[in-house]
Structure formats: C-alpha cells, structure tokens
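Peer 1: Attaching a single structure in structure tokens format; questions to follow.
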Amino acid sequence: MDVRGDALGAPWKSMSAEELENQYSPSRWVVRLGAEEALRTYTQIGIEATRRARATRRSLLHIPYGDSTGETLDIYLPHKAPEGRRGGFGFCRRALGPAPPTRPLAFTAFPVFMFVHGGYWQCGSKDESAFMVEPLTAQGVAVVTVAYDIAPRGSLDQMVDQVTRSIAFVQKRYPRNEGIYLCGHSAGAQLAAMMLLADWTELGVTPNLKGFFLVSGVYDLEPILCTSQNAPLHLTLEDAQRNSPQLLMALTQPADPTCHVLVIVGQHDSPEFQRQSREFYQTLCQGGWKAAFEELRDVDHFEIIENLTQEDYVLTQIILKTIFQEF
Ligand SMILES: N[C@@H](CC(=O)c1ccccc1NC=O)C(=O)O
C-alpha cells in the first residue's frame, strides 16, 4: 500500500518509533501529575477502594472460575435495594415477601457489573480494582472484579478465554441475574470488547449480557507491536489481528442487537487512544450494534476509572442509568 494511503487510514503507520511509544504510554498524557506519580496514584486509589469495599460490603473473594491460579474473581454483593430503583431485591420481595437475612443470595435477583482491569495485559490486579464497588452496591448492583493470567504467564488468547469463562461462571452462579454489564478499562476494554464476539455454545450457557462499558480501550493491537509494551507480550502480527476487535467486528453481526455498547474515552487520553475509541464506535454502528460514544471532559486515562469511587461522577451516573434503564 502506498505510504500516503496507509497514513490516512492508519495514522500511526507514519509515526516515528518515539512518537508511537508516546501515544501508547497513557501516563505521559496525564496533565495533573507526572507520569510515575499518576501510575502510583491510580494504584493507591485502587488499593484503598478495594480495602474499603472488603471492609464495608459482603464479599466472596478469590472464587475460582477455572483451574489456573489466575482464574479467580471477587464478588461484592448489593448493600441494599434503594427505594425507587428497579432491580435490587425487588423481584424477591414482591414474590416472596420481605427477604429474611439468611436467604441465600444466589436466589435473589440483581444486576451484575463485571470489571476487567487494564495494565497492558502485563500488570494490574483485581485486588486493586474495586473502584466502583461502594457506589454501585449501594444502588443494588453486585460487582465482580475479574482476575486473569497476565503476561508473561498468560497469552492474550488465554486471557480472552479466561474472561469468557469468568462471565459464563457468573451466569451459572446467578442464573436469575437482572443483566450482566461488562466494563473493561484500557487493555481490559480490549478483553471486554472481544466478548461481543464470543461463542458461548461450548460453555453451555448464554450469559444475560445487557451492556458493555468500554473505557479508554485499545481495539486494534497492531500499533502495540511496535512499542515497548510488546516486550513481555511477544505478540506476532497474527496474534494481534486475532485479538483485535476492530478487525473482527467488521466481519460479524451483533448476537444481540439490543445490547448497549458504550465506548468511552477521556479528554486527556492520547490522540491515538481517542482515535481507537472513535473508530471502534463507528465500526460498531456500521455493524448494527446499539452503540454510543462519550468523550469525558477533564479526565485522563486513570482518573476516568479512579472517579468511579464517587457516586456523583458522570460515568457512575451513566452506568447506573444504563443498568436501571433511566434514559
Ligand atoms: N505503562 C503504562 C501503564 C498503563 O498503560 C496502564 C496502567 C494501569 C492501568 C491501565 C493501563 N493501560 C492499559 O492497559 C503507561 O505508561 O501508562
């Protein structure tokens, strides 16, 4: 292909190695803090939110969804079913009277929000990712944070398979759930987006997936091949293409056209991250998905998730309104 054509269709192809490294280093685009401090702050806020979630909420921690050591998840149960919200414990209350405190929670109905953390498939952990637990569980939503085998232990194909099985596990454990809402951040958004294409037949269950929140994600992995992020990943071009929802999505139809897919990016994400989100959103629309796009003002790659600790944050409100269909 001629160089001009490449640059128009894929501007990263005309970038220097240095510029590409910059574009795919989210912490370098943080304006409120230096890069290292931004990463440290993100981890600290995640650890503190997780400590609070485990101290104040009923939780089931390190539950295996498969045999590999990395295949575990944490479940944070709804704190209460507030007045005026659909969902929560409403169905049980209507059908069976007031819920005694001893009723097994597996038999109650609630929406489930699953979070797939980021960290370029090589860092991050569910144990520092419970940002949104307090505000969501306060509104009657269960939150699940998913662990998977990051590199170098796990390959990208394995991670995609693990996230698929974690969702099937949650569906089997909570068969009366009022919808599974899948959220992924950054590399986790790529893993979440791959679930739009998942084949559930082998897993013996079709999860009740009702919505996706894809936050500051990477959907075309080819540019990553040319950056230092690929050192522990060892992605080949074929690996990158097989795991790029941007390429795969162009070839498929929505399994469930009523499922909401919200693609979200921060004002202070890099231009390449913004382009990736915009183009993935456009591809979803062309493919017939019920997609929406939001560029959130005044937030960077890390604040966009850190702020989910706050109930009045715009993204927390978007998530709650989507779950409770208040649009
Ligand atoms: N080394 C990366 C770290 C990074 O990208 C990151 C860190 C925590 C959570 C998500 C991240 N990005 C994508 O998965 C950076 O420069 O920001």
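Derivation of every value follows stated rules applied to the coordinates shown; laboratory data play no part. Keep in mind the model is a prediction, meaning the values are calculated, not measured. Note: ideal-geometry Cβ built from the backbone for every residue, glycine included; neighbour counts use all protein chains shown.
Peer 1: Quote to one decimal, in nm, the extra length available between ASP256 and GLU326 on full extension: 0.36 nm per residue of separation minus the C-alpha distance between them.
Peer 2: Here the segment from ASP256 to GLU326 would lengthen by 23.2 nm.
Peer 1: Treating only the Cβ of Lys, Arg, Asp and Glu as charged (+1, +1, -1, -1), what charge dipole size does segment 173-234 show about its Cα centre? Round to the nearest 20 debye.
Peer 2: Dipole of segment 173-234, to the nearest 20 debye: 300 debye.
Peer 1: Let me ask another. Under the 0.36 nm per residue contour assumption, what length would be gained going from the current alpha-carbon distance of ILE47 and ASP157 to full extension?
Peer 2: 36.8 nm
Peer 1: For the charge dipole of the chain, defined by +1 on Lys and Arg C-beta atoms and -1 on Asp and Glu C-beta atoms about the Cα centroid, which residue among ALA198, PRO26, THR227 has the Cα displaced farthest towards the positive pole?
Peer 2: It is ALA198.
Peer 1: Right, next: Quote the FRET efficiency, to the nearest 0.05, computed for LYS13 versus ALA35 with a Förster distance R0 of 25 Å and r equal to the Cβ-Cβ distance.
Peer 2: 0.50
Peer 1: Once both axes come from the Cα atoms, what is the angle between helix 271-286 and the longest principal axis of the chain, in degrees from 0 to 90, rounded to 10?
Peer 2: 70
Peer 1: How large is the charge dipole for the chain, taken about the Cα centre, if only the Cβ atoms of Lys, Arg (+1) and Asp, Glu (-1) carry charge, to the nearest 20 debye?
Peer 2: 1700
Peer 1: Provide Rg and Dmax in Å for the chain, with only Cα atoms included in the calculation.
Peer 2: Answer for the chain, Rg first and Dmax second: 19.3, 69 Å.
Peer 1: I would also like to ask the following. What nm distance separates the two modelled labels at ASP312 and ASP298, each placed 7 Å from Cα along Cα→Cβ?
Peer 2: Here the modelled spin labels are 1.1 nm apart.
Peer 1: Students often get this wrong, so check it: of LYS126/LYS321; LYS13/LYS290; LYS290/LYS321; LYS172/LYS290; LYS80/LYS321, which have C-alpha atoms separated by over 22 Å?
Peer 2: As for pairs spanning more than 22 Å Cα to Cα, those are LYS126/LYS321; LYS13/LYS290; LYS172/LYS290.
Peer 1: Which residues make up the longest stretch of the chain that has no GluC sites (Glu not before Pro) in a DSSP loop with at most 11 other Cβ atoms within 10 Å?
Peer 2: Maximal segment without exposed cleavage sites: 84-325.
Peer 1: Here's something else I'd like to know. Take the alpha carbon atoms of segment 6-37, find their center, do the same for segment 218-293, and report the distance between the two centers in whole angstrom.
Peer 2: Here the answer is 16 Å between Cα centres.
Peer 1: Just the projected area, averaged over all directions, of the convex hull on the alpha carbon atoms of segment 259-327: how many nm²?
Peer 2: Answer in nm², one decimal: 4.8.
Peer 1: Rank these for me by crowding, VAL116, VAL160, going from fewest to most other beta carbons within 10 Å.
Peer 2: Going from sparsest to densest Cβ surroundings: VAL160, VAL116.
Peer 1: Can you tell me the dipole magnitude for segment 236-299 around its Cα centre, using point charges on the Cβ only (Lys, Arg +1; Asp, Glu -1), in Debye to the nearest 20?
Peer 2: The calculation lands at about 180 debye.
Peer 1: Quickly work out the CYS285-to-THR206 label distance, labels modelled 7 Å from Cα along the C-beta direction, and quote it in nm with one decimal.
Peer 2: Reported label-point gap for THR206 and CYS285 is 2.8 nm.
Peer 1: Treating the angle as unsigned and between 0 and 90°, give the value, to the nearest 10°, between the Cα long axis of helix 314-323 and the longest Cα principal axis of the chain.
Peer 2: Roughly 60 degrees between the two axes.
Peer 1: Taking the chain as the reference, fit the longest principal axis to its C-alpha atoms, fit the long axis of helix 156-173 to the helix C-alpha atoms, and give the angle between the two in degrees, 0 to 90, nearest 10.
Peer 2: With both axes taken from Cα atoms, the answer is about 10 degrees.
Peer 1: Would you tally the net charge around LEU33, using a Cβ to Cβ cut-off of less than 13 Å, leaving LEU33 out, and scoring K and R as +1, D and E as -1?
Peer 2: My count for the surroundings of LEU33 gives -2.
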